[in-house]
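**Student:** Starting off with a structure, shown below.
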Amino acid sequence: MKLKENIMNKSRGSLVGGAVGDALGYPVEFISSFEKIRTRYGGEGIARYDKNYHFVGESHSCGEALFSDDTQMTLYTAEALIEAYRSGTEVLPLISDAYLAWFGGQTGRKVKTAYRSELAGIVELNQQRAPGITCLTALGDIADGREPHNDSKGCGGVMRVAPVGIFGAAHGWSTETTGLVAGQAAMITHLHPMSTLSSSALAMIVQQCLLSDHVVDSSRLKAIIDDTLGRLSQMYGGYGSVVDKFKHLVTLAVSLEDSPLPDWEIIEKRLGGGWVAEETLAIALFSVLRHIDDFKRCMICSVNHGGDSDSTGAVAGNIIGAILGSEAIGEEFTGSLQLHDLIVKFADELTLSDYDDRK
């Protein structure tokens, strides 16, 4: 397979995979333990889409698998990257403006910006799907002309930056450039260094998985993770002990690949809930390494715990999709996924180097 075709296949896998993990985990996001998930869904927990559930006052029964704010913001990130390439405009201001467009859809506010978003006209991408408080607050500050001030390391940054890794792979960015752009994209709303490190790491890992000349098996993914951690130490040396803490958690997640304990127990007792960025990435990496040849098992692992299941599922889906490609996902997950064709379209456009080819 030619490199470009391979990147496009893996781009689809990463973007669709993220939406699949998000949609699978969304109904159990606020269930506080695996035992309670199992009580509702059976022995292995949630293993297929729940298309008829009640969530925070919302009753849903439309025959589609809904995704959350994670995939909404991921698509806005992708849209901004595509527009930046098409117009020759600086990337980060466009990403910020795209998030403001999402914010306007969430709140009904008219935000002053010259950015014109195709996604702002799509109802499903502007319905409230448990949007993160930090994202809303920070973007509200920006909309009001203020600089955000927070120390949040919530997962609202890392869950939306996989498109930066895809775009970087397709457009020849260095690994460091990809990491810096992703980290800065997360910093638009989340200012704690752990959010920056996690977001940089995810984008760099996705990029290297897309570009790998070899099959990304467990050994190869561990090498990519190790390389990423080394680069982060050089890129973010000023963060001091925060880098060391981040590396320790990621290294722990990698080391647990062959643990005899059940997936859910490892996650809940060793890796955390995924409510903060570094835990989201750690759970996702553990899930991918644990089930690197099986997309479905990876998804089930990544969402069945008493934490932020949609975000851990989304990030795991971004990574395993970048490894296995779109064919590994299967009709079971793609057939009823909300806005599947739009997600594929954006995945393809992230990889195009000449937008005239679309016409």
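The values are calculated or read from the model by the stated rules, or taken from the named source; none is laboratory data. Note that the coordinates shown come from a computational prediction; the quantities given were computed from them, not determined experimentally. Ideal geometry is used to build each Cβ from the backbone, glycine not excepted, and the neighbour counts take in all protein chains shown. Only protein heavy atoms, including side chains, enter the accessible area calculation; ligands, DNA and RNA are left aside. Shrake-Rupley method; radii C 1.70, N 1.55, O 1.52, S 1.80 Å.
**Student:** For the range 268-359, take every pair of Cα atoms, bin their distances at 10 Å starting from 0, and report each bin as a whole percent.
**Tutor:** 16, 42, 29, 10, 2, 0
**Student:** Gaussian network model of the chain, Cα springs within a sub-10 Å range: biggest mean-square fluctuation belongs to which of Ala143, Ala314, Ala78?
**Tutor:** Judging by the Gaussian network model, the answer is Ala143.
**Student:** So what's the back-of-envelope 222 nm ellipticity for the chain, counting only DSSP H runs of four-plus at -39500 (n - 2.57) apiece and dividing by all residues, rounded to 500?
**Tutor:** Working: 16 runs with 211 residues, N = 359.
Roughly -18500 deg cm²/dmol at 222 nm, from the helical runs in the chain.
**Student:** Between the range 211-236 and the range 270-311, what's the alpha-carbon centroid distance in Å?
**Tutor:** 18 Å
**Student:** Would you please name the GluC sites (Glu not before Pro) within the range 73-131 that are DSSP coil residues with at most 10 other C-beta atoms within 10 Å of their C-beta?
**Tutor:** Values: sites: Glu79, Glu83, Glu90, Glu118, Glu124; in loops: Glu90, Glu118.
Of the GluC sites (Glu not before Pro), the ones in loops of the range 73-131 whose Cβ has at most 10 other Cβ atoms within 10 Å are Glu90.
**Student:** Once fully extended, how much extra length lies between Asn6 and Asn150, figured as 0.36 nm per residue of separation less the alpha-carbon to alpha-carbon distance?
**Tutor:** Details: separation 144, 0.36 × 144 = 51.84 nm, distance 3.99 nm.
Stretched fully, the Asn6-Asn150 segment lengthens by 47.9 nm.
**Student:** Okay, next question. For the range 43-186, which whole percent of the accessible surface, found with a 1.4 angstrom probe, sits on carbon and sulfur atoms?
**Tutor:** Working: 2890 of 5900 Å².
That fraction is 49 percent.
**Student:** If you don't mind, there's one more thing I want to ask. Mind checking the log10 I(q)/I(0) for the range 42-187 at q = 0.13, 0.21, 0.22 Å⁻¹? Debye, one equal scatterer per Cα, no solvent, two decimals.
**Tutor:** Computed log10 I(q)/I(0) values: -0.64, -1.35, -1.43.
**Student:** Determine the shape class of the chain: with a ≥ b ≥ c the square roots of the Cα gyration tensor eigenvalues, call it rounded for a/c under 1.5, and otherwise prolate if a/b is greater than b/c, oblate otherwise. Show your work: numbers first, answer last.
**Tutor:** Working: a/c = 1.23, a/b = 1.11, b/c = 1.11.
Rounded shape, in that the Cα axes give a/c under 1.5.
**Student:** Using Cα positions and a limit of under 24 Å, work out the lysines in reach of Lys36, with same-chain residues fewer than 8 apart set aside.
**Tutor:** Lys51, Lys269, Lys296
**Student:** Go through 226-234, 11-19 and give me the packing order, highest mean Cβ count within 10 Å leading. Can you show the working numbers first?
**Tutor:** Working: 226-234: 15.9, 11-19: 30.4.
Peptide ranking by packing, descending: 11-19, 226-234.
**Student:** Expressed in nm to one decimal, what extension gain is obtained for the pair Glu35 and Lys110 from 0.36 nm per residue of sequence separation less their Cα-Cα distance?
**Tutor:** Working: separation 75, 0.36 × 75 = 27.00 nm, distance 4.34 nm.
So the extension gain works out to 22.7 nm.
**Student:** When 1/r is averaged over all different Cα pairs and the result inverted, which Kirkwood radius in Å belongs to the range 105-238?
**Tutor:** On the way: mean 1/r = 0.0617 Å⁻¹.
Computed over Cα pairs of the range 105-238, the Kirkwood hydrodynamic radius comes out at 16.2 Å.
**Student:** So, one more: Treating only the Cα positions of the range 107-158 as identical point scatterers, give the base-10 log of I(q)/I(0) from the Debye formula at each q in 0.13, 0.22, 0.31 Å⁻¹.
**Tutor:** Log10 of I(q)/I(0), two decimals: -0.38, -1.05, -1.27.
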